[in-house]
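The values are calculated or read from the model by the stated rules, or taken from the named source; none is laboratory data. As the structure is a computational prediction, the values presented were derived from the model and not from experiment. All Cβ positions, even for glycine, are placed from backbone atoms using ideal geometry, and neighbour counts span all protein chains on display. Heads up: the accessible areas ignore ligands, DNA and RNA and are worked out on the full protein's heavy atoms, side chains in. Shrake-Rupley method; radii C 1.70, N 1.55, O 1.52, S 1.80 Å.
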Amino acid sequence: MAVIAGALAIPHISYISILPELIAMGAPMVMLLWSATTRSGGPGRWTAFTVVASVAAFLASVEIWVKVGTHPYTAVAGAILVDRFSAFLSGIFAVAMGLFALLAHDWAVREDESGPELPALGMLSASGAMLMAAAGDLVVVFLGLEIMSIALYVMAAMNRRRLASGEAALKYFVLGAFSSAIFLYGIALTYGATGTTNIARIASYLASNVVVSNGVLLAGMAMLIVGLGFKVAAVPFHTWSPDVYQGSPSPVTAFMSAVAKAAGFAALVRVLMEAMGTLRLDWQPAIYVLAVLSLVVGGILTVVQRDVKRMLAYSSISHAGFVLAALQSASAAGRSALAYYVAAYTLMIIGSFAVAGHVGGPGDRSQDLSSYRGLSSRHPAVGFAFTILLLGQAGAPFTTGFLAKFYVVSAAVGNGSYTLAVVAMLSAVVTAFFYLRIVLGLYGSEEPSTPEGPPGVLEPQPALVGSVGEPQASHGAEERGSVVVPEVLVAASATQVIEVSEVGAGTSVVLALCAAATVVLGVWPSPLLDLAKAATIIF
Amino acid sequence: MTIPGSWYLTLAAVLFGIGGLGLLVRRNVLVMFMCVELMLNAVNLTFVTYARMLHDVGGQALVFFVLVVAAAEVVVGLGVIVGLFRRRPDATADDFHILKG
């Protein structure tokens, strides 16, 4: 970005290098134009179009992966880094985009939305995430972050009939804008200290110069970490995430928990490992503290939740702790552990929130733990897939989750961070308790209830209509699920109607893919593992 | 007499601090929103000052990126706020408490 005055040249743009981003940005534009010309039809065509675009973006990532090999290069005047790490993450984001489109399809059918907005915003958001992973300049990281986040704010608010969705969007927006401003100030201070925002130039500047009074540089680095810490929901910057995960429509929660986190970690790798690799001794302690706090707080608070989406939010905070532990080791093993963890986590969390989206029913209202009781007897396949995904998240052997946690711990041990490794393992044990509690509930007997309630008569009407009195009403509906009083019968009969509903086609495909990947890649680990290693071999 | 760059940097830091503090303390959502804008503009001032001190146009060019992003944030943020306030007029940030646990 450092352009000398008078020597302003138009950079050569290698479009093939940014093809995944271009597809993810261009497809929504085409889709929005298309939607303006047609009036009739359901959400099916948008879903199909988005899936096709996702496959195209994935193939473009594969193409870049194959072509770049072990010779990374920069494109667009140093603003884009083309290497296997960016290709690997672009591939993950393309997959997440496609899975999200399938989940959004079922959601749109259920909520009677026929517009292309949700998949279009999802693709735009994914393009921002791809840009973050491929950024060769701190400003490009920022732009990618904003493209991703601004789309996510709207996606969180997508359920207009539900006040909680708007509230989630407001909270996400305020804290997201706050963290973006902090991140940006970090860029400004780094620019002031090093004279450039280009990642490679920052690295070479720091390698060849000893910054005597490095207060500005360290302040800038701290603010970059804080800004990205908000995005990956690391403790103590996690306070928004349970509320936002709970309030957003479930497909959106699935998408943001997977993509926003993965993109945040990719940016942390770019900023800390690549640009500020020589300042390792300064940022390692900070990441260490964030990792320990995330592991401890995420693990403990997971267990005391009753709302399953909140539980998954806290458990994803503990997952963030694991990834930060891999980052903290600042080694080749840590980098490949990070890439592997992100890939495995993306599939597991999207699958888990797919189940939450199915069980939640219209408006995502029945997320209480009791709604999940007896799921396996109603939908054996869904219950089985959810079991696999939860065991994967818990780190059970023969799943990708086990290998992911194993490589993180071994990277931490290899770095001499034994305490961190022990904390990570203890946190895994504590969160395993929570996962097993859900699994037992899945196979447990259903609570006493009237199995066939009158169809279509959903008792908490105000939440759907959205009158002024809604907050009290829907609040009451949520409390009813958690208080074990005779009223539970009412809640159970209300949720029963929803749960007997069919599993959507998109949800089924997503669950099958995610659960199969979790097991197959766990039993036969070498393909994904080799990819993760190859993705991070050069830095 | 020229004003040293450090003065501008200090001013920017103070503005950024006021914005951050205001965001955390104020309860009116629109004021919180304005505090975010204040923080972004403090960053802009920092960029311009450093660009001048380093004799590098890059820092000034970055301001345009920030302005564009800030404008996009305004559009989305106001949309979210208006959507909420149409249903709950005169609400403050404390009134949004369905989600907690």
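Here are the numbers for this structure:
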{"item": "Among (1) closer than 30 Å to A:G78 by Cβ; (2) in contact with a helix residue (DSSP H, G or I) (Cβ under 7 Å, 6 or more places away or on another chain) - the single one B:A13 does not satisfy", "result": "(2)"}
{"item": "Flag for A:G247 being modelled with pLDDT of 95 or more and closer than 30 Å to A:L301 by Cβ", "result": "no"}
{"item": "Helices (runs of 4 or more DSSP H) fully within the stretch A:219-327 counting 3 or more residues that are within 13 Å of chain B (Cβ to nearest Cβ) and open to solvent by less than 10 Å² (accessible area, probe 1.4 Å)", "result": "A:240-247"}
{"item": "Residue under evaluation B:M34, criteria (1) under 10 Å from the mean Cα position of the chain (by Cα); (2) under 27 Å from A:G78 (Cβ atoms); (3) more than 9 Å from chain A (Cβ to nearest Cβ), criterion not met", "result": "(2)"}
{"item": "The stretch A:391-437, residues that are of a type outside the set (A, V, I, L, M, F, W, C) and in contact with a Gly (Cβ under 6 Å, 6 or more places away or on another chain)", "result": "A:G392, A:Q393, A:G395, A:T399, A:T400, A:G401, A:K405, A:S427, A:T431"}
{"item": "Hits in the stretch A:290-340 - residues which are charged (D, E, K, R) and touching a Leu at 6+ places or on another chain (Cβ under 7 Å)", "result": "A:R306"}
{"item": "Residue under evaluation A:Y205, criteria (1) away from chain B (no Cβ under 11 Å); (2) of a type in the set (F, W, Y); (3) touching a residue at least 60 places away in the same chain (Cβ under 8 Å), criterion not met", "result": "(3)"}
{"item": "Unmet criterion (only one of (1) open to solvent by less than 10 Å² (accessible area, probe 1.4 Å); (2) within 8 Å of chain B (Cβ to nearest Cβ); (3) of a type in the set (S, T, N, Q)) for A:S179", "result": "(2)"}
{"item": "Residue among A:A424, A:A428, A:A477 that is assigned to a helix (DSSP H, G or I), at pLDDT below 90 and either on the phi > 0 side of the Ramachandran plot or open to solvent by less than 40 Å² (accessible area, probe 1.4 Å) (or both)", "result": "A:A477"}
{"item": "Residue under evaluation A:V212, criteria (1) among the hydrophobic types (A, V, I, L, M, F, W, C); (2) open to solvent by 20 Å² or more (accessible area, probe 1.4 Å); (3) within 26 Å of A:L301 (Cβ to Cβ); (4) modelled with pLDDT under 95, criterion not met", "result": "(3)"}
{"item": "So A:V304, is it at negative phi and in contact (Cβ under 8 Å) with a residue 60 or more places away in the chain", "result": "no"}
{"item": "Residue match in the stretch A:142-154 (condition: among the small types (G, A, S) and within 10 Å of another protein chain (Cβ to nearest Cβ))", "result": "yes"}
{"item": "Any chance A:G136 is surrounded by fewer than 24 Cβ atoms within 10 Å (Cβ to Cβ) and more than 7 Å from chain B (Cβ to nearest Cβ)", "result": "no"}
{"item": "Yes/no for A:L143 being of a type outside the set (D, E), in contact with a strand residue (DSSP E or B) (Cβ under 9 Å, 6 or more places away or on another chain) and more than 13 Å from A:P20 (Cβ to Cβ)", "result": "yes"}
{"item": "Inter-residue pairs, beta-carbon under 9 Å, first without any contact (Cβ under 8 Å) to a residue 24 or more places away in the chain and in the stretch A:184-197, second assigned to a loop (DSSP other than H, G, I, E, B), 6+ apart", "result": "A:T194/A:N209; A:T194/A:V211"}
{"item": "Verdict on A:N159 being open to solvent by 30 Å² or more (accessible area, probe 1.4 Å) and polar (S, T, N, Q)", "result": "no"}
{"item": "Those residues of the stretch B:63-94 which are open to solvent by less than 40 Å² (accessible area, probe 1.4 Å), more than 8 Å from chain A (Cβ to nearest Cβ) and free of Cβ contacts under 8 Å to residues at least 60 places away in the same chain, in sequence order", "result": "B:V63, B:A70"}
{"item": "The stretch A:158-171: number of residues that are in a helix (DSSP H, G or I) and either within 9 Å of another protein chain (Cβ to nearest Cβ) or among the hydrophobic types (A, V, I, L, M, F, W, C) (or both)", "result": "8"}
{"item": "Scan of the stretch A:46-67 for residues that are surrounded by fewer than 17 Cβ atoms within 10 Å (Cβ to Cβ) and more than 13 Å from A:P20 (Cα to Cα), ordered by number", "result": "A:A48, A:V66, A:K67"}
{"item": "Selection within the stretch A:1-32 - in a helix (DSSP H, G or I), among the small types (G, A, S) and modelled with pLDDT under 95", "result": "A:S17"}
{"item": "For B:Q60: the one exception among (1) within 9 Å of chain A (Cβ to nearest Cβ); (2) touching a helix residue (DSSP H, G or I) at 6+ places or on another chain (Cβ under 7 Å)", "result": "(1)"}
{"item": "Residue check, A:V141 at pLDDT 95 or above and farther than 24 Å from B:I81 by Cβ", "result": "yes"}
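Let's see how each residue does on (1) of a type in the set (A, V, I, L, M); (2) out of contact with any strand residue (DSSP E or B) (no Cβ under 8 Å at 6 or more places or on another chain); (3) open to solvent by 30 Å² or more (accessible area, probe 1.4 Å):
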{"site": "A:S17", "(1), (2), (3)": "no, no, no"}
{"site": "A:L22", "(1), (2), (3)": "yes, yes, yes"}
{"site": "A:S35", "(1), (2), (3)": "no, yes, no"}
{"site": "A:R39", "(1), (2), (3)": "no, yes, yes"}
{"site": "A:G44", "(1), (2), (3)": "no, yes, yes"}
{"site": "A:L102", "(1), (2), (3)": "yes, yes, yes"}
{"site": "A:V109", "(1), (2), (3)": "yes, yes, yes"}
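Residue-wise test of (1) out of contact with any Cys (no Cβ under 7 Å at 6 or more places or on another chain); (2) hydroxyl-bearing (S, T, Y).
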residue: B:Y8; (1), (2): yes, yes
residue: B:L11; (1), (2): yes, no
residue: B:G22; (1), (2): no, no
residue: B:L30; (1), (2): yes, no
residue: B:R86; (1), (2): yes, no
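Per-residue answers, yes or no, for (1) at pLDDT 90 or above; (2) farther than 21 Å from A:L228 by Cα; (3) touching a Cys at 6+ places or on another chain (Cβ under 7 Å):
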| site | (1), (2), (3) |
| --- | --- |
| A:L272 | yes, no, no |
| A:M276 | yes, no, no |
| A:I287 | yes, no, no |
| A:L293 | yes, no, no |
| A:V304 | no, yes, no |
| A:V308 | yes, yes, no |
